[in-house]
Every structure is written in structure tokens, then in C-alpha cells.
Amino acid sequence: MNSPTLDNDTGRKAFQRRAIATALTSFLDDEQLLRALWQWEQHASSGPALALNYFIRLLADTYDLQEQQRKLHRDLITALAQPADNLLPDPWPRMVAYRNHHYRTQTPATTPALPIPAQTLVFKSLLQRFLAALALAAPEQITALREQLALYCLQQPDCSDACREELAAWLCQGRARLTLNYPLVGLRGVLNHVYVLVCTLLGPVKADQLLATSLTETETLAESRQFNPRKLL
Amino acid sequence: MIKPALSLGLLALLPVVGHAAGSETLRVDLDTVWLITAAALVFFMQAGFALLEGGMARAKNAVNVIMKNYVDVCLGSLVFWLVGYGLMFGANPSGWFGTDHFLLGNAEGMDYSLLLFHTLFAATAVTIASGAMAERTLYRGYLLGAIVVTALIYPVFGSWVWGGLYGGQGWLAQLGFIDFAGSTVVHSIGGWVALAGIIVLGPRLGRFGPQGEVREIPGHNLPLIALGGFILWLGWFGFNGGSTTRADVSIGLITLNTHLAASAGAVGAMLAMRLAGQGVLMTLTVNGSIGGLVAITAGCASMQPVFAIVTGLVAGVIVVLGTRLLLAWRLDDVVGAVPVHGFCGAWGTLAAGLFHVDGLDWLRVGVQGIGIAAGVLWAFPGALLLYWLLQRSVGLRAGTLEQQRGLDFTEHAEVGYPEFQQRLHQVQD
């Protein structure tokens, strides 16, 4: 699995991952390191410089490293200032493998007592149809696209951790359900990201056609009377 | 006896003197009428650009394309009156820029007519970039860029070639540089600004695949493209013919050369497409004509018709090859503005030196080369800096959500074809 191909800062993010992995190997075991790298991806990799301080506090709280915060800070700063040749290889492939394994072994969520929000149902229908249309147009691309989308969802800044986890699990598993109340801006972001991926894979003309077809089909569903699917665009 | 004879003689002269004074007034009046008529034709070229560019864009971005063309002539006109005309045509003792005639008022003679005519030339130059940068440019960024192009980039270069109307002379003009109606001054400058714009912007979403494969994004209305091409052709009779600023017989050669070059440009493009083994596309054929028009603009007053045909023919070929070159460089120019205006403008400027009616003079050709290079070195880096600053400040490239929704909706809260496109949102969030 390649690093995200659509991220304009791919090189910068890869360097950051290598530096963080290099710095943290002396503090964390292998599984903890991969989780910590995902926490970096989710919370800090796109943010300003102060995000590093937040990340260090998060590590200290999560892995009981309060006593070693200063050394942690020093080692991270040192690693981020190193030339790339001195750093460990990009841990992205191991991170992806860890996440895919982590979600495939999770048990599906149980049926919640609360009704599922209409916008969640409409979003699920629209995205399913979009992905189904893509599967017909480019069957060899659909698995990779679902995985890329799941990884994007895990980094989605406008959703809570629970929403991110549920969405990623739904995309990677066949039986998981979407049950939570997702923020509209987050759902739009996910749909737009699918659109961008399809533009890259098949071109913008095909992407517009598939989206329009999926939208038309979704509008015939009962839940679309409660929530207009066009609000997701 | 002498006094009456003298008086009678003077009386006899009165009709002659009166006739001469009346002729001069009539000449100025005729020149003014021709200049204003030509200005109106040049103004109508904005409609041609709007239709051609709008047709080449997708339906969801058509309104945005039109709005860029419509408003950049509005803003550009105000800015050119404010500062551009003075920079370009004001007294130019240094040879590098004008120093007076800003905010023109209390003018004399044909000044107002000249200001109008050249305002529309400035509008033409600035709108060239709009087509190249279509479908992924934020409206505010584009308009700010248009203001700077009209206020600074275009008039300063123009002052080097046409400056000094009120004293002094531009340094390129002093060298003997020939650009009768603006192959370089208007079109190449616009083309290099467009090139800078598409480099800073990047391509439209999905235009190039992960391995660099080219994805076609067809325009939504090909008849509009053809109509735009026809209108531009018509307007060019005013663009080139009006550059005499006089209603005299020279307009005949100028407009004939203009027409022949446009015709040959289309033929050149069609031949190039056939030789390249591709279908003869309407869009490239129309662009071939426009390339011919751009190319002949420099030398339309100073070459024989046979060379106008050669100039146009070569321009048509350049359009086809230039379009392929940009794709090979993975540069996304929606309408082909860079090959049509940038490359053909440079070729036409060179052709004005090669095919001059006075014969081949390599010194003259060398001066043409200097002028072409000066245009590139002034406009391209300046525009790169301009668009880079705009991207870093107010933003220039539309985000992925805007490109998905279409700029008609995100920038203008309208759609171009409401009966065929449903609104993306029933209500604004």
C-alpha cells in the first residue's frame, strides 16, 4: 500500500513519520509505536508547530511517560532536525497493515437503542451507490480505494474519534453499520475525498457522471424525504 | 488700385483656406469615428472570448468563466483610466514608463478616443489568462490578479513599445521594434501571464492521472466555441484596423492581411492535425484561426498579403504543436491560451521582422527577438510572483469541494443551466 498519493505534503509527512518513529523506538514497543504514529496522523500532522507539544502530552498521557516528557521532547526535536539518511525507513506500510488487521479482527458493533440519524442513512446510501458504480466502472480499483478512504476517514478532523473509527470499520468490513450522528461537514469531506480519488483514478468527467447517477438513485429513497442528499455535496 | 486687388485676392483665397481648415476638421472627425468604431469592435471581442472560453469549460463552471470575462473588462477599464494609460502612454523621458496623463480629464484632440481604444486593448490582454486558468481559480484571486496586470504588467511593457505619446519614446521603440497592433504587447504578454497562472495553480482535479496520463475534459458547448471564434475574428478587424488611428486607405491592407492570416491559421492547424494522425478537431481549428490573428497583429501593416498567409499558416501549426507541448509538460491550459497568444504572438512578432515590406534585414529581426525576450522576461516572472503571492494571501486555487460543486455555485451562487442542472443545495448552509 503506497503512502497517500493525493496529499500534496506527502514528502513532508513521510519525513515526519520517519523522524517520530526514530525518536519513539526507545520509549515504546512495536504495537505502541504504530498506535502512536496513528495518533500523530490523526491529531498533529497537518497542524501548526504547537501540535508537536500537544502530541507529546498525548503520548505522555497514553503511555504513562510523564516522567520522560522532557527527554521525549528533546529526542523528537533532534530527530525532526536530522537529515533523512539518519532516520528509520517510513513506517507507513507497517501502519497500514496494523490498522487493517486491527479493524478486520474487531467484532461488529451491536445495534444501538437510538434511531440512526437520517443524514447518516442518506450518506451511507449515497456512498454505497457511488462505490458500487465505481466498482462497475473500475473493479480493479475498488479495494484500494476503500482502503485509502478508510485511512482518510481516520484522519478526518471534523469527526470525533468514535465516528472516525466506525466509518473506517464500515469501509473495511462488510457487516459493520453506520449508526452515529456524523457532522455534516465531516460527511461532505468524506464524500469529497471519494470524488477526488475517483477523479484521480478515472478522470473528472467519469467522477461527475458517477456522482450524478448515485445522487439520482439516492433521491428516490425514503430517507431522502427527511434529509436532502444534495446537502452532502 | 492695389488695395482692392489685394482685398479681392484675399477674398478669393477664403474658400481655399476655409476648405483646408474644414478638411482638417473633417479628417479628425473621420479618424475619431473610425477609432471609436474600431474600439467598439475590440470591445465585442470580449463577448468572443467569453463564448469561446465558456464553451470550452464544463457546464458547472460556465457562469464563472463568463463573469471573469465580463468583470475584468469592467475593473480593467477603471484601473486603466486611473493609472494604466498614464504608465503606458504618458510622457516617457526614461523610455521605461510614462509619467503623466493619469486619471485623464480635460483632454485635448483625440485623447479620449485613444484612451477608450487602448482601454479595450488592455482588457483584451488581461482576459487572455482567464481562459487558461478556468475551472479551478477563485474569483477573488483572479480579479486581484487582473487589476495588477492592467495597472502594471501590461502598461509598463506597452510603454516600452508604444509609449511616449506625450513626449519621449519607449526603449524598444527606440531600437526600431515593430509591433503594429500588439502581437507581443497585448497577446504574448497575456500568454506569458496565463502560463505563469497555470503553473502556480496546477491542473484541474483529475486532468492528469497518477502516471501522468492525460484525461480529456471536453467543453460543454462546442457551437459556443465556434461562435466565439467568429466574433473574435470580426473584432480583430477593429483591433488591427483601428491601430492606424486614422481612417485612411492603409486599413485595406491591414484588414485584408488580418483576414488572410486567420484563414491560413485554420488551414495550418487542420494540416498539422492530419499530419499528426489525429482527427480534425473544431476546437483546434478555431484556435488555429485565432493563432493566425494573433500572429499577424504585429506585421499586418508592413507585409505583403502572401506573407500574411505564411504567417497565419505557421501560426496554425504552432497552435497544434504548442498544445501538445503543454500537455507533455503536464500543464493544464483549458482553452489553449498559451500556444495561441504566447507562442503565436512571439512567432508573429518575429514574422513582422522576417517579412517586412522593406526586405529581410537581420538587424531588424534581431530587434524583434529582443522585444520578444523582453516580453517574456518582464511578464512571466512578474506574473509568477503575482500569482504566488495571491495563492499565499487571499487564495488562488479553488479547493476540491469547490471543484466538485462547480465554481458557478461556489463563487456566484448561480448555475448556468438551471433547467438541466439541479441546485446542489436547496438552502444555503
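Quick note: the coordinates plus some simple rules give every number you see, no bench work behind them. Here the structure is a predicted model, which means the values were calculated and not measured. Cβ atoms come from the backbone with ideal geometry, glycine included; neighbour counts cover every protein chain shown.
Under a 5 Å amide H cut-off, with hydrogens placed 1.01 Å from N, B:Thr137 pairs with B:Ala398 among residues at least 5 apart or on other chains.
The simple Förster model, with R0 at 22 Å and r as the Cβ-Cβ distance, assigns A:Ser160 and B:Leu401 a FRET efficiency of 0.55. The slack between A:Leu221 and A:Ala138, meaning 0.36 nm per residue of separation minus the straight C-alpha distance, is 27.3 nm. Under Stokes-Einstein, with the Kirkwood radius over Cα pairs as Rh, the value for the stretch B:183-291 at 37 °C and 0.692 mPa s is 200 µm²/s. Considering only B:Asp332, B:Asp111, B:Asp72, the Gaussian network model of chain B with Cα springs below 10 Å gives its largest mean-square fluctuation to B:Asp111. Taking label points 7 Å from Cα along the Cα-to-Cβ direction, B:Tyr166 and B:Thr25 give a separation of 2.7 nm.
In order along the stretch B:254-262, phi translates into HN-Hα couplings of 4, 6, 5, 4, 4, 5, 5, 5, 4 Hz, rounded to whole numbers, per the Karplus curve 6.51 cos²θ - 1.76 cosθ + 1.60 with θ = phi - 60° and x for Gly and Pro.
Below 23 Å Cα-Cα, how many Lys pairs turn up in the protein assembly as shown? Only count pairs eight or more apart in sequence, or on different chains, if you could. All intermediate terms of the calculation are to be shown ahead of the outcome.
Details: A:Lys13/A:Lys71; A:Lys124/A:Lys206; A:Lys124/A:Lys231; A:Lys206/A:Lys231; A:Lys206/B:Lys60; A:Lys231/B:Lys60; B:Lys60/B:Lys68.
Here the count comes out as 7.
Starting from the Cα of B:Ala328, step 7 Å along the direction of its Cβ; do the same at B:Val71; then give the gap between the two resulting points in nm. Those two pseudo-labels are separated by 3.8 nm.
Dividing the convex hull volume of the alpha carbon atoms of chain B by its residue count gives 176 Å³ per residue.
Dipole check for the protein assembly as shown: with +1 at the C-beta of Lys and Arg, -1 at the C-beta of Asp and Glu, and the Cα centre as origin, the magnitude is about 960 Debye.
About the Cα centre of the stretch B:53-180, what is the dipole size in debye to 20, counting +1 per Lys and Arg Cβ and -1 per Asp and Glu Cβ, all else neutral?
Numbers: 5 positive and 7 negative charges, 120 e Å.
Approximately 580 debye in magnitude.
Highest GNM mean-square fluctuation among B:Leu35, B:Leu222, B:Leu87, for chain B modelled with Cα contacts below 10 Å: B:Leu222.
Select from B:Val214, B:Trp347, B:Ala266 the residue farthest towards the positive end of the dipole of the protein assembly as shown; place +1 on Cβ of Lys and Arg, -1 on Cβ of Asp and Glu, and compute about the Cα centre. Towards the positive end, the residue furthest out is B:Val214. Of the two radii for the stretch B:274-429, the radius of gyration is 1.11 times the Kirkwood radius, both from the alpha carbons; that is the Rg over Rh value. Residues whose amide H falls under 5 Å from that of B:Leu281, counting only those 5 or more places apart or on a different chain, are absent, with hydrogens built in the peptide plane. For A:Pro89, what charge total do you get from the other residues with a beta carbon under 15 Å from its beta carbon, if Lys and Arg give +1 and Asp and Glu give -1? So the environment of A:Pro89 carries a net charge of +1. Its residue count N fixes a reference of 2.2 N^0.38 Å for the protein assembly as shown, and the Cα radius of gyration divided by that reference is 1.21. The modelled label-to-label distance for the pair B:Gln174/A:Arg57, using points 7 Å beyond Cα in the direction of Cβ, is 6.5 nm.
The length gained by stretching the chain between B:Tyr139 and B:Phe230 to full extension, at 0.36 nm per residue less their Cα-Cα distance, is 30.0 nm.
Taking the Cα centre of chain B as reference, the dipole from Cβ charges on Lys and Arg (+1) and Asp and Glu (-1) amounts to some 720 debye.
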